[in-house]
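Report on the following structure.
The values are calculated or read from the model by the stated rules, or taken from the named source; none is laboratory data. All figures in this text were calculated on a predicted structure; none of them were measured in a lab. Using ideal geometry, Cβ is built from the backbone for each residue, glycine included, and neighbour counts are taken over all protein chains shown.
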Amino acid sequence: MENNVFDQPVWVYSGLNIPFALQNAAQAHSFLLDSPGQLRGIGYSGAVNACLAALRGEVDAQTARAALVAYARRNGILMPDADDLVAAAAMARRTTGASA
């Protein structure tokens with residue numbers, strides 16, 4: 001098994017808000033390098049450098065994953081976890097009085 005594989009994939013919105021799973025540091029690095037200019041703000045260089053360091057074996061994959069998640073969250077491209085979606089739907093039903 002590669003040492004740059006994430007424990008869990010990082011789901012991000014790509015292109016026209018199409019969900020995409022990044023499963024390792026190589027995919028994440030490529031995704032980041034292909035990111036449009038408007039997404040190269042806060043956290044971008046840190047995420048790129050963390051992924052590159054993971055590919056070189058200087059840090060573990062989870063360090064790169066954490067930097068990627070932080071970058072994606074700051075830029076609004078991180079997909080919510082399924083648990084978060086279920087909780088949000090339950091809260092919406094609760095506040096509107098709708099039933100499942």
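For region 1-17, name all the residues that are surrounded by 13 or more Cβ atoms within 10 Å (Cβ to Cβ), of a type in the set (S, T, N, Q) and farther than 16 Å from Arg73 by Cβ.
Of the residues in region 1-17, the ones surrounded by 13 or more Cβ atoms within 10 Å (Cβ to Cβ) are 4-6, 9-14.
Then drop every residue that is not of a type in the set (S, T, N, Q), which leaves 4, 14.
Correct list: Asn4 only.
Given the conditions (1) surrounded by 12 or more Cβ atoms within 10 Å (Cβ to Cβ); (2) modelled with pLDDT under 95; (3) more than 13 Å from the chain's Cα centre (by Cα); (4) not small (Gly, Ala, Ser), and given that Phe20 satisfies all but one, which numbered condition is not satisfied? So Phe20 meets the others, but not (3).
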